Amino acid sequence: MHFISALVIFGILVQLTAADPDSGESPVPVTCSMRGMDLKKESAHLLCPPGCYGQQLSVYGDAVYAAVSSICGAAIHRGIVASNGGPVSLRRLPGQQNYQATYANGLQSQALSKWSTSFSVSKYKTRGMEVVGKPVTTQASAASRRQKKTPEKSTGNKDCKAEIAFLLDGSNNIGQRRFNLQKNFVAKVALMLGIGTEGPHVGVVQASELPKTEFFLKNFTSPKDVVFAVKELGFRGGNSNIGKAIRHTSQSFFTPSNGVRKGIPKVMVVFIDGWPSDNIEEAGIIAREFGINVFIVSVAPPAPEELGMVQDVAFIDKAVCKNNSFFSFHMQNWFGTAKYAKPLVQKLCTHELLYCSKTCYNSVNIAFLIDGSSSVGDQNFRLMLEFISNIVRSFEVSDVGAKVAAVQFTYDQRLEFGLNDYTSKDDVLRAIYNIRYMSGGTATGDAFNFVVRNVFQPTKDGHNKNFLVLITDGQSYDDVRGPAIAAQRAGVTVYSVGVAWAPLEDLKDMASEPKNSHTFFTREFPGLEQIVPSIIRGICRDYLDSQK
């Protein structure tokens, strides 16, 4: 922002001159994110507010900082101010090359190849604070009063949490000019994603003769910083070894030390101008094994006379997360690509279709324990099956994804189908529909023991988290608390759903902690429909908590 904007935010009029730092002029309040380039004066005394120390501030260099750096961040890096803020003196300097990345005073500065202007910061010699405040009467201040408060730091689009690696084509196939157009497109996509601390995080790898990680997920958490970093990328050239780059990104980019958050989908967007120089089928397999959703954005595909130079004409289908057209994205050329940015962003934010990620939608085992007692009745039993089907529809059932089982109980128990019996959602839904009503008494405790022994025990060494959803309409004839606790100790998270005459106390005894968020009750069977979203959200919440 411009320097005068900082004054508007603080709602005061500051008497300021372009004084020499040794003149003793009173420091002017600035925001944590204010950059050196936002200050047009050659030198000034500034006052950093408290709280900057815990923020992720963009700082480039050491001692001499690129003007794109946060002023207060540079002051923290130099050890001039601490968590409570404080005054600092700034002096503008000429631009330079090779700003060094160093760690100092709890803050990691970043490397930068060059920038047009620089600045240095030093301690301010206090001679008394003489900041004069009075109500602002300018037109700008009117807008400030309407705003009422300083905007909070953006946390990003919370509905699009994803760890995204953009794998740029930096080969001779694309050339310098189209490489710049590619950077512009990626910058536009990055702006639209809603990058932030609680939203998507973005990093970049450049594919050429040898892959190079340009920056990691942890380096930037604001859109403007990502855009700046993308625009600064230099063209490398060489062969289009996309396979090497995918393998490198899969194995060394998506790690906790590089900023990957647990339980968040991992996405790799691979740009290919023409065709790869190496085989990418094996690299695609490795990416899937690491739970990475590979998207291929192909531009200017090989002409018919060039197909003989392509190792495998079906390379896109073999590299993507899943060959269903969702993970393939084609653009005719690098000119006029703005119209493609929004559709690509929508795909990257559609979490339920990111099959390759290890998320709650494809990394859980869900067993349904269904009351088939005489009090339920055939019609209500059908409503229970519909309730179960609606839950299953939200999960990605496959041989490597979510798994579903169903047990019906009265005095006896009947395994309708196990976790490994069906590997597609359609087959599971068909099996649920075909369950036949038993009718009989109610022995819920014995049913718990049966499920643990016959459903979860055979898969106890699997990677999926185990959930049990109980649906009952009455009181059990046997003890429920002991068997339910035993199931939870065996690693099963229990949701208890009661209908009609089911005792609330028993439902809570069977449910996992916290009881209130794992216990549900409805007076009538049609009310089960309204519970479906809460069960799904609860399972996802518990899954994410287990990944922390």
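The values are calculated or read from the model by the stated rules, or taken from the named source; none is laboratory data. Everything numeric here is computed off the predicted structure, so don't read it as measured data. Glycine gets a Cβ as well: all are built from the backbone with ideal geometry, and neighbour counts include every protein chain shown. Ligands, DNA and RNA are excluded from the accessible area calculation, which covers all protein heavy atoms including side chains. Shrake-Rupley method; radii C 1.70, N 1.55, O 1.52, S 1.80 Å.
The table below gives the values:
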quantity	calculated
Output for segment 402-452, where each listed residue is in a strand (DSSP E or B) and more than 34 Å from the chain's Cα centre (by Cα)	V407, Q408, F409, Q413, R414, L415, E416, F417
Residue in segment 478-493 that is under 19 Å from F409 (Cβ atoms) and basic (K, R) present	yes
Condition check for I316: out of contact with any Cys (no Cβ under 9 Å at 6 or more places or on another chain), modelled with pLDDT under 90, open to solvent by less than 50 Å² (accessible area, probe 1.4 Å) and part of a helix (DSSP H, G or I)	yes
When residues of segment 39-59 are limited to those that are out of contact with any strand residue (DSSP E or B) (no Cβ under 6 Å at 6 or more places or on another chain) and open to solvent by 10 Å² or more (accessible area, probe 1.4 Å), the one modelled with the lowest pLDDT	G54
Hits in segment 454-500 - residues which are among the hydrophobic types (A, V, I, L, M, F, W, C), surrounded by 18 or more Cβ atoms within 10 Å (Cβ to Cβ) and farther than 18 Å from T519 by Cβ	V455, F456
Verdict on D399 being without any contact (Cβ under 8 Å) to a residue 40 or more places away in the chain and more than 22 Å from I485 (Cα to Cα)	yes
Positions within segment 22-38 being of a type in the set (S, T, Y) and open to solvent by less than 30 Å² (accessible area, probe 1.4 Å), in sequence order	S26, T31
Filter result (open to solvent by less than 20 Å² (accessible area, probe 1.4 Å), in contact with a helix residue (DSSP H, G or I) (Cβ under 7 Å, 6 or more places away or on another chain), under 21 Å from S171 (Cβ atoms) and not hydrophobic (A, V, I, L, M, F, W, C)) within segment 199-235	G203
When residues of segment 142-170 are limited to those that are open to solvent by 20 Å² or more (accessible area, probe 1.4 Å) and among the β-branched types (V, I, T), the one modelled with the highest pLDDT	T155
Extreme residue, modelled with the lowest pLDDT, among residues of segment 260-279 that are open to solvent by less than 20 Å² (accessible area, probe 1.4 Å) and closer than 14 Å to V205 by Cβ	I272
Subset of segment 236-257 [in a helix (DSSP H, G or I) and either basic (K, R) or open to solvent by 20 Å² or more (accessible area, probe 1.4 Å) (or both)]	K244, R247, H248, Q251, S252, P256, S257
Residues of segment 60-86 satisfying the condition of being open to solvent by 40 Å² or more (accessible area, probe 1.4 Å), out of contact with any Ser or Thr (no Cβ under 7 Å at 6 or more places or on another chain) and either part of a strand (DSSP E or B) or among the acidic types (D, E) (or both)	A82
Some residue of segment 350-360 being at pLDDT 90 or above and open to solvent by less than 60 Å² (accessible area, probe 1.4 Å)	no
Selected residue (only one of I174, I195 is farther than 21 Å from I246 by Cβ and surrounded by 22 or more Cβ atoms within 10 Å (Cβ to Cβ))	I195
Only listed residue being in a strand (DSSP E or B) and either more than 23 Å from F220 (Cβ to Cβ) or in contact (Cβ under 8 Å) with a residue 40 or more places away in the chain (or both), chosen from L47, L57	L47
